[in-house]
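A short write-up of the structure that comes next.
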Amino acid sequence: MAAAAGKQTTEGWSSRWGFILAATGSAVGLGNLWRFPSEAGTNGGGAFVIFYIFCVVLIGLPVLLSETLIGRHGKADAIESTKTVARDSGASTAWSALAGIGMLGAFLILTFYSVIAGWVIYYIGLFAGDVATSIGNGALLGGAFQGESLEQVQGYLPALFADNGLMIGLHALFMAVTVFVIARGVGGGIEKIAVYLMPTFFILLIGITLYSLATGAAGEAFAFLFAFDPSRLLHGNVMLSALGQAFFSLSLGSAMMITYGAYADRKTNLASTSAIIAAADTSVAIIAGLAIFPIVFAAGLASDSGPTLMFQVLPASFQTMPAGSFIGLLFFVMVLFAALTSSVALLEAPTAWVMKRLGLPRAVTAIGLGILAFAIGILSAMSFNSLENWHPLNFSIFEGQNFFSIVDIFTGKILLPLSAFLVSVFVGWIADKRLTDDENGISGGLHLTWRFLIAWLCPIAVGAILVFGLIS
Ligand code: PHE
């Protein structure tokens, strides 16, 4: 039943917790801290949040379990693992295209993810400098950027965007760290950083949230995130954004959970592990909202979309908060940790495949792919500067979009949902039920529910995002 000898991976997690931390680290990232709050903000708060939770439980979780079980059955890179499941089910190995599409998606996301992570490094520098200034003035307990106007603080982002060299340099730095971790391997690289960074991340997140709720506008933030306005729910766009966000946030459709699943041992219960990963990821998204919005509302500012919320509105909001520069510094360090445990996952999915395929050492593969992703990412960095009005694919859904937005749309609206759609059709209809049932670790009513969701609800809902995403 196993894959052809030599293709199976010899690497693996040292324990079930290693897997949980690494996979949670992959899921928790800029998607939770940067995109979720701004998506919730622009899509009507509570209605979006409630629908988001439905999407995670009914659609995200069944797909997550399916992806990890494909990987664990094949015990190889995502393409090889999918081929093994197909072969063992008597189906065409062409189904491995689902992993190839996901892998391409992961690689392309990495190209711009690293650019945004570079901005995070820049803000760590800004806040660190401000902490030093505040200590010098004996004013560490005051707000951040004292004596600067709101315009000045908000001006840091356009100033960064105006400096191509700086943006590209920080992008290079972040990519280099990502490559370094992947070169060190699964246990010695990915798992090791997850074991250190994820607990630190959780402590920072809880600390900052408590601070924010205690000193900021907690009531307003709760009302904003949880007030339920059913009229917003029926809005098709809100539903599509929630489903798309759930996929991105859980790292689905990117071959990544297949890749990480392959490093899990046969004893690991995939269903409960997937549930823990999904629950942790969703909690972090919601808690991140409770960390960010009380600060923003206390400053009398409003939620905003895109990069602005985290990189303009939030820093300005720290101006009015006690110990604003210090907490701001901790906040951006926390974001960087989350981004790094995600970027390594994005690089690992293609690395695992390329190194086996070309027979190259892991380090050489990681460096090669890292350089390629870096080079492509330069165009995304410059999309905030000189290439802002360059529209390389001026048709259909890409019309009027610059390079960065094209990669974002192509991955988020096409590659990831397409791969996840194929995963649900493959596991729901094509793969041998004895094989998938044997891997998944659930029985009884829960098992029947999963079968129903993966065969019916998932392909229909994901197929719908794909179609509406393309026509709207
Ligand atoms: N889930 C990550 C985030 O929320 C992004 C990601 C997508 C990581 C796909 C790996 C694969 O930031």
Open item on the list: Give me the helices (runs of 4 or more DSSP H) completely within segment 1-118, filtered to those with at least 1 residues that are closer than 17 Å to residue 347 by Cα, hydroxyl-bearing (Ser, Thr, Tyr) and away from the ligand (no atom under 13 Å from the Cβ), ordered by residue number.
Closed with: none
Open item on the list: Looking at 341, 351, can you tell me which residue is within 14 Å of the chain's Cα centre (by Cα), polar (S, T, N, Q) and closer than 19 Å to residue 259 by Cβ?
Closed with: 341
- [ ] Please specify each residue of segment 123-144 satisfying the condition of being assigned to a loop (DSSP other than H, G, I, E, B) and either touching a His at 6+ places or on another chain (Cβ under 8 Å) or free of Cβ contacts under 8 Å to residues at least 60 places away in the same chain (or both).
- [x] 137, 138, 139
- [ ] Mind listing whichever residues of segment 259-287 are part of a loop (DSSP other than H, G, I, E, B) and hydroxyl-bearing (Ser, Thr, Tyr)?
- [x] 263, 268
Task: Residue in segment 338-352 that is nearest to the ligand (Cβ to nearest atom), counting only those that are buried (at least 24 other Cβ atoms within 10 Å of the Cβ) and not small (Gly, Ala, Ser) - done: 346
TODO: Looking only at segment 212-225, count how many residues are over 8 Å from residue 291 (Cα atoms) and crowded, with 18+ Cβ neighbours inside 10 Å.
DONE: 5
Open item on the list: Return the residues of segment 399-447 that are part of a helix (DSSP H, G or I), without any contact (Cβ under 8 Å) to a residue 40 or more places away in the chain and acidic (Asp, Glu); say none if nothing qualifies.
Closed with: 437, 438
Open item on the list: Give me the residue from segment 376-390 that is of a type in the set (A, V, I, L, M, F, W, C) and assigned to a loop (DSSP other than H, G, I, E, B) and, out of that set, modelled with the lowest pLDDT.
Closed with: 387
- [ ] State whether the residues of segment 145-167 include one that is at pLDDT below 95, surrounded by 20 or more Cβ atoms within 10 Å (Cβ to Cβ) and not in a helix (DSSP H, G or I).
- [x] yes
Task: Top-ranked residue of segment 243-279 - restricted to ones that are within 14 Å of the ligand (Cβ to nearest atom) and modelled with pLDDT under 95, ranked as nearest to the chain's Cα centre (by Cα) - done: 248
Open item on the list: Just the residues that are surrounded by 19 or more Cβ atoms within 10 Å (Cβ to Cβ) and free of Cβ contacts under 8 Å to residues at least 60 places away in the same chain, please, taken from segment 357-378.
Closed with: 365
- [ ] Please state which one of 44, 60 is closer than 21 Å to residue 285 by Cβ, surrounded by fewer than 23 Cβ atoms within 10 Å (Cβ to Cβ) and not aromatic (Phe, Trp, Tyr).
- [x] 44
TODO: Find all pairs meeting these conditions: Cβ atoms under 9 angstrom apart; at least six residues apart or on different chains; first residue within segment 281-297 and without any contact (Cβ under 8 Å) to a residue 12 or more places away in the chain and surrounded by fewer than 24 Cβ atoms within 10 Å (Cβ to Cβ); second residue outside any helix (DSSP H, G or I) and of a type in the set (Lys, Arg).
DONE: none
Open item on the list: Condition first: within 16 Å of the ligand (Cβ to nearest atom) and either among the basic types (Lys, Arg) or touching a Cys at 6+ places or on another chain (Cβ under 9 Å) (or both). Now tell me which residues in segment 373-429 satisfy that.
Closed with: 413, 420, 421, 423
Task: Condition broken by residue 38, with the remaining ones in (1) small (Gly, Ala, Ser); (2) surrounded by 24 or more Cβ atoms within 10 Å (Cβ to Cβ); (3) within 18 Å of the chain's Cα centre (by Cα) satisfied - done: (2)
- [ ] Could you check how many residues of segment 349-375 are closer than 30 Å to residue 288 by Cα and either outside any helix (DSSP H, G or I) or in contact with a Ser or Thr (Cβ under 6 Å, 6 or more places away or on another chain) (or both)?
- [x] 2
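The values are calculated or read from the model by the stated rules, or taken from the named source; none is laboratory data. Note that this is a predicted model, so its numbers are computed, not measured. Glycine gets a Cβ as well: all are built from the backbone with ideal geometry, and neighbour counts include every protein chain shown.
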